[in-house]
1. Just to compare against my own numbers: the Cα pair-distance distribution for the chain, 10 Å bins, whole % per bin, please.
2. Residue separation times 0.36 nm, minus the C-alpha to C-alpha distance between residue 37 and residue 73: what's the value?
3. With all protein chains present, how much of the accessible area of the chain (probe radius 1.4 Å) comes from carbon and sulfur, to the nearest whole percent?
4. Please compute the length gained on full extension between residue 30 and residue 96, using 0.36 nm multiplied by the number of residues separating them and subtracting their Cα-Cα distance.
5. Tell me the per residue accessible area of the chain using a 1.4 Å probe; a whole number in Å² is fine.
6. Sort 30, 61 from largest to smallest accessible area, using a 1.4 Å probe on the heavy atoms of the protein chains.
7. Determine the gain in length on full extension of the stretch residue 13-residue 104; use 0.36 nm per residue of separation and subtract their C-alpha separation, reporting nm with one decimal.
8. Just how large is the dipole of the chain about the Cα centre, in debye to the nearest 20, putting +1 at every Lys and Arg Cβ and -1 at every Asp and Glu Cβ?
Amino acid sequence: MCVFTPCFAVFYDDDLTDAFFQTIYRVLSHLRNPSTVYLSVEKRLNFTLRKLDVTCDAYDHFRLCLDELANMSDGRTSFVVESVKLAFPQFLVYERVEQLELWKIIVEPHTAMKRLL
């Protein structure tokens with residue numbers, strides 16, 4: 001079974017990014033079978049007065065959330081986060097910019113949890 005849930009402009013607001021990752025964790029940590037989730041993000045570079053430089057704070061927060069998910073140890077589920085190379089054919093009409101990234105989250109329920117569920 002494949003479920004596709006589009007989420008647009010989620011990773012450009014820290015509160016929405018947090019809510020998204022909390023939801024992903026809640027849903028995926030209760031699955032019985034291994035699953036894979038793909039996320040895409042386009043870095044949006046902005047000049048910030050706080051740093052007086054071009055930064056991508058929302059992207060930095062997104063990466064922090066990915067790292068936290070990958071390092072999570074709850075005893076029920078393992079999450080593996082991988083960057084996906086964009087070396088595959090493009091089927092949608094979209095300019096593939098340098099700032100576009102694709103991420104793969106592999107969810108593996110622990111064996112003991114599979115038996116309990």
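1. 12, 39, 32, 14, 3, 0
2. 11.1 nm
3. 57 percent
4. Numbers: separation 66, 0.36 × 66 = 23.76 nm, distance 3.46 nm.
Answer, rounded to one decimal: 20.3 nm.
5. Computed with neighbouring chains in place, this is 72 Å² per residue.
6. The ranking, largest first, comes out as 30, 61.
7. 30.7 nm
8. Working: 13 positive and 16 negative charges, 112 e Å.
Here the size comes out at about 540 debye.
The values are calculated or read from the model by the stated rules, or taken from the named source; none is laboratory data. Predicted, not measured: the structure shown is a model, and the values here were computed from it. Don't worry about glycine lacking a Cβ; one is built from the backbone with ideal geometry, like all the others, and counts go over all protein chains shown. Surface areas here come from the heavy atoms of the whole protein model, side chains and all, with no ligands, DNA or RNA. Shrake-Rupley method; radii C 1.70, N 1.55, O 1.52, S 1.80 Å.
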